[in-house]
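The values are calculated or read from the model by the stated rules, or taken from the named source; none is laboratory data. As the structure is a prediction and not an experimental result, all values here were calculated from the model. The area values use the complete protein model at the heavy-atom level, side chains included, leaving out ligands, DNA and RNA. Shrake-Rupley method; radii C 1.70, N 1.55, O 1.52, S 1.80 Å.
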Amino acid sequence: RRTLATAIAGATTAALAMTALDAQAAQTINLGHTLSDSSHYSVGADAFKETLERLSDGEFEVAEHPSGALGGERAMIEGLQIGTVDVVITSTGPLGNFVPETYVLDLPFLFEGYDQARCVLDGDVGQALLGKMGNHGLVGLAWSENGFRHMTNSKRPVTSPADAEGLKVRTMENKVHMEAFEQMGVHPTPMAFPEVFTALQQGTVDGQENPITVIVATKFWEVQDHLSLTGHVYSPAAVLGSPILLDGLSEEQRGWFAQAAQASAEATREEVSRLERDGVELLRENGMTVATDIDKVPFQDTVMPAYQIYTDQYGSEMLDRVRASD
Ligand code: PAF
């Protein structure tokens, strides 16, 4: 009988120890982004979750919060600084308000295509910019992607800057973008993304600009008739972490986060490439008129003063480094 009692006690102790270990192991990581759960950001969030949970052998568990459930991008970046959010996938839209060095990436017509943009972000300049995040209460984990941005509106086809003149267009909360649109004669209206669909629906603004990825994921065809493939600016996305979480981790654990962010960026870029191939047709099928044959030169000419305004304020070092690295 003593043997049975000892065995039961032993098994109970082991079960309790396992429960304690499980409870300790499953640290929940809250990951937020603003797009739907069918978007390219969600593809990236799934890859982050799969990689971190696998590498950490269940020590971390990732809870995904898509669709702006944790707020717009600016609010989520603030959340990282104060530790209420752990990981965020965000465009650079509001990032320059926190890390001004990243404004260089928001200059219109800076990159000619995806290969060039990805190469710069994966090279020294991109890595230096991720490093700068540390001076501003953020951890830069990896450069992911949103895509080249195009204009949509509910009024008329836009094939030249003259067509765009006078339109009220929602922009990101980014002064480099706003400046460029002002030069184009457009009335820029900065707004957090979760408010954009309703603003378009109610006619508060005539148009918006975003990559094919976002136009598809948000079903903008329901509120916008015209798409112009202006490709006026490349929109990177950053996978950012909270220093309040990451500074308390071991080097090995931080390594898992870095690998998970890298896997997330790769999966997102693949999805962006897929949507660049198939997305425009989908938008046409859903009733949008698409202006594909856009002469970019007049658009480039109108927005050029934005470069001077940028360098007057931030100097030319970062811009020179970007230009030297392609
Ligand atoms: O337009 C924006 O604010 C951004 O492109 C979005 C849609 C939030 C994705 O980062």
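Details
- Over all pairs of different C-alpha atoms in the stretch 85-131, the reciprocal of the mean inverse distance, the Kirkwood hydrodynamic radius, equals 11.7 Å.
- Percentage, to the nearest whole number, of Cα pairs in the stretch 198-300 over 23 Å apart: 46
- The antiparallel fraction among DSSP beta bridges confined to the chain stands at about 55%.
- Looking at the stretch 144-206, the pairs of alpha carbons with a distance over 16 Å make up 46% of the total.
- With N counted as the residues of the stretch 130-176, its alpha-carbon radius of gyration over 2.2 N^0.38 Å works out to 1.76.
- Close amide H partners of His232, meaning residues 5 or more places away or on another chain with modelled amide H under 5 Å apart, are Arg149.
- In angstrom, the C-alpha Rg and Dmax of the stretch 245-326 are 20.4, 53.
- Evaluated at q = 0.12, 0.17, 0.22 Å⁻¹: base-10 log I(q)/I(0), Debye formula over Cα of the stretch 142-251: -0.44, -0.78, -1.24
- Whichever aspartates and glutamates have a C-alpha closer than 12 Å to that of Lys168, once near sequence neighbours (fewer than 8 apart) are set aside: Glu182, Asp206, Glu209
- Among Gln300, Gln262, Gln313, the largest mean-square fluctuation in a Gaussian network model of the chain (Cα springs under 10 Å) belongs to Gln313.
- Accessible surface of the stretch 187-312, 1.4 Å probe: 47 percent of it comes from carbon and sulfur atoms.
- Placing one equal scatterer on every Cα of the chain and applying the Debye formula, the log10 ratio I(q)/I(0) at q = 0.10, 0.12 Å⁻¹ is -0.58, -0.80.
- Once divided by 2.2 N^0.38 Å, the Cα radius of gyration of the stretch 15-146 becomes 1.18.
- The string of couplings for the stretch 29-38 from the Karplus curve (6.51, -1.76, 1.60, θ = phi - 60°) is 9, 8, 10, x, 7, 9, 9, 5, 7, 10 Hz, one whole number per residue in order, with x for Gly and Pro.
- Convex hull (Cα only) mean projected area of the stretch 217-262, reported in nm² to one decimal: 5.5
- The chain: DSSP helices with Cα axial extent of at least 24 Å and average Kyte-Doolittle hydropathy no lower than 0.0: 2-25
- At 0.890 mPa s and 25 °C, Stokes diffusion of the stretch 92-176 via Kirkwood alpha-carbon radius, µm² per second: 166
- For the cross-link pairs Lys155/Lys296; Lys155/Lys175; Lys155/Lys219; Lys49/Lys175; Lys219/Lys296, the ones whose C-alpha atoms lie over 23 Å apart are Lys155/Lys175; Lys49/Lys175; Lys219/Lys296.
- Note on the stretch 42-147: with neighbouring protein chains present and a 1.4 Å probe, carbon and sulfur make up 46 percent of its accessible heavy-atom surface.
- Cα centroid separation - the stretch 161-213 against the stretch 266-326, whole Å: 15
- Solvent-accessible area per residue, Å², over the chain with all protein chains present [probe radius 1.4 Å]: 43
- Remark on Leu167: its backbone amide H falls under 5 Å from those of His187, a criterion applied only to residues 5 or more positions apart or on other chains, H modelled at 1.01 Å from N.
- Phi angles across the stretch 96-106 convert, under the Karplus curve 6.51 cos²θ - 1.76 cosθ + 1.60 with θ = phi - 60°, into 3J(HN,Hα) values of x, 5, 9, 10, x, 4, 6, 4, 4, 6, 8 Hz, Gly and Pro given as x.
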